[in-house]
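Taking it in order: structure first as structure tokens, then the write-up.
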Amino acid sequence: MIIYVDTSAALKLVVEETESQPTAEYLTQSAQQGDQLVASMLLFTELHCAANRRGLPAELVNAVLNGINLVDLVRSDLTYAAALPGQLRSADAIHLATAIRLEATAVVAFDKELLRAATQAGLATLTPGVKP
């Protein structure tokens, strides 16, 4: 299974929140089962910027990123993101376009608009620790 990890989910592994432990447990278990955890390089930038704003060490971010296969963005990710329906923010649209290109089985995220758009695109969505 290919699991796309959005910034809203990866941030739970850096900043302690209610969903942090369930997210860490889900992603760890998935990786141990042989699932591929993937994200675009956009995650690298977003996670480091979020950590910098909070005064968190880069080592913590890098430890999280080491468990995720980061793939380069391609031009088609950006053009497809621009054409996605709905009212996604730019970064969310780019993440979703990349997940679609990578043929992800599921998207792990906590952003409601992104989750809705991913579902509409035919992807399974997961929000560990959040009751439906």
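A few points about this structure:
- LEU42 vs. criteria of a type in the set (A, V, I, L, M), touching a residue at least 40 places away in the same chain (Cβ under 8 Å), within 23 Å of ALA93 (Cβ to Cβ) and touching a Ser or Thr at 6+ places or on another chain (Cβ under 7 Å): no
- Test: residue in the range 24-34 that is at pLDDT 95 or above and more than 17 Å from ALA106 (Cα to Cα): no
- Any chance ILE68 is within 16 Å of MET1 (Cα to Cα), free of Cβ contacts under 8 Å to residues at least 60 places away in the same chain and buried (at least 19 other Cβ atoms within 10 Å of the Cβ): no
- Of LEU88, LEU47, LEU56, all but one fail to be assigned to a loop (DSSP other than H, G, I, E, B), of a type in the set (A, V, I, L, M, F, W, C) and farther than 23 Å from THR119 by Cα; the exception is LEU56.
- Candidate set from the range 45-65 (those that are in contact (Cβ under 8 Å) with a residue 24 or more places away in the chain and of a type in the set (Val, Ile, Thr)); member that is farthest from THR127 (Cα to Cα): VAL61
- Taking the range 12-44 as the range and being crowded, with 18+ Cβ neighbours inside 10 Å and part of a helix (DSSP H, G or I) as the test, the residues that pass are LYS12, LEU13, THR23, TYR26, LEU27, SER30, LEU42, LEU43.
The values are calculated or read from the model by the stated rules, or taken from the named source; none is laboratory data. All values derive from a computational prediction rather than experimental measurement. Virtual Cβ from ideal backbone geometry, glycine too; neighbours counted across all protein chains shown.
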